[in-house]
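To keep things clear, I will list the structure first and then write my remarks on it.
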Amino acid sequence: MMKAFLLSALAAAVVTPSQAFPSENEWKPPGPDDVRGPCPGLNTLANHGFLPRDGRDIDADTLSGALMEALNAEPELAGIFFAQAITTNPKPNATTFSLSDVTRHNILEHDGSLSRQDAHYGRIDILNPTVFAETLSYFPDPVIELKQAAHARRARIVASNRTNPEFAWSDATERNSVLETAIYLIAFGDREAGSVSKKALVYFFEHERFPPGWETTNKAITLDELLQMAGRIVNATTTESASPLDDGFATAGNVAHGWLGGNEL
């Protein structure tokens, strides 16, 4: 899902003291009546006030403005994501979605998350320490390289498939999973190298907060760049990086080739 979706460049291995946000974008934890979902990126945008802090009734213009202001993401990306996010609102002819809508299973949210347990086991809107520890086990160094990121993503899918009796996967799920990794590499990392500071990434996932030293990038995040990074992740998802694949699930790492080749989301 695009759960893991959203979020600039940080020096790959350096985290500096926290920068000052405008008062309206200072981080605040959600209150008792606020809603959040399974996507740490969207939750972070709400916690910083780029999205409504209550997490409710997000329309297309609000999402586009938040992604532009916080991430310098081009409006085309916001439009594509909103078109997917709006489908999580069960109301007919909906024009908004809330972060809690995104928890609806197998629309954007999916099994094999980097930081959430599968829906079969319970809550999916909060970080699961056991699942996240499994992901972090593939990142032994201070800097996460692209191949390591691809390996961790793939390994989580394989582990979920082996343990979850209700495991579900599709081409759309594979697409969203690849894009989630592409987004965090672009938003927080060295965009050319495809690497990211482990310290920064862990801080983001664990606190749903922009890492210390994070600043909005001057270089716009475009659809083309996102697809190119996704393609690099797919190419790095080799049999070696995901083995053993003796569970009949050896082809999922390659299904993204189709939509990448077609340049569509």
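Distances between placed amide hydrogens fall under 5 Å for Ser195 paired with Asp190, all partners being 5 or more residues away or on another chain. Karplus-derived 3J(HN,Hα) values for segment 126-134, using 6.51 cos²θ - 1.76 cosθ + 1.60 with θ = phi - 60°, are 10, 5, 9, x, 5, 5, 5, 4, 4 Hz; glycine and proline are entered as x. As a rough footprinting exposure proxy, the listed residues Glu225, Glu180, Glu208, Glu192 were ranked by other beta carbons within 10 Å of their own, and the order from fewest upward is Glu192, Glu225, Glu208, Glu180. A simple count of charges around Pro140, restricted to other residues whose Cβ falls under 13 Å of its Cβ and scoring Lys, Arg +1 and Asp, Glu -1, yields 0. The amide H of Gln117, built 1.01 Å from its N in the peptide plane, has Asn128 as neighbours under 5 Å, considering only residues 5 or more places off or on other chains. For segment 155-168, 3J(HN,Hα) computed residue by residue from phi via the Karplus equation (6.51, -1.76, 1.60; θ = phi - 60°) reads 5, 5, 5, 4, 5, 5, 4, 6, 10, 9, x, 10, 3, 9 Hz, glycine and proline entered as x.
The coefficient of translational diffusion for segment 49-108, derived via Stokes-Einstein from the alpha carbon Kirkwood radius under 10 °C and 1.306 mPa s, stands at 136 µm²/s.
Taking the convex hull of the alpha carbon positions in segment 77-119 and averaging its projected area over all directions gives 3.5 nm². Oblate is the label for segment 80-199, because the ratio a/c of its alpha-carbon gyration tensor axes (a ≥ b ≥ c) is 1.5 or higher and a/b is not greater than b/c. With a cut-off of 13 Å between beta carbons, the residues surrounding Glu74 carry a summed charge of -3, where Lys and Arg count +1 and Asp and Glu -1.
Put in order of Cβ neighbour count within 10 Å, fewest first, the listed residues His151, His105 become His105, His151. Among residues other than Met229 with Cβ under 14 Å from its Cβ, the summed charge is 0 (Lys and Arg +1, Asp and Glu -1). Sorted ascending by nearby beta carbons within 10 Å, beginning with the fewest, Leu108, Leu146, Leu42 become Leu146, Leu108, Leu42.
Within the straight-line cut-off of under 30 Å between alpha carbons, the lysines reachable from Lys28 are Lys3, Lys91, Lys198, Lys199, Lys219, sequence neighbours fewer than 8 places apart in one chain being disregarded.
Here, each number is a calculation from the coordinates, and none is a lab measurement. Just so it is clear, the model here is predicted, and its values are computed rather than measured. Here the Cβ is made from the backbone with ideal geometry for all residues, glycine too, and neighbour counts use every protein chain on show.
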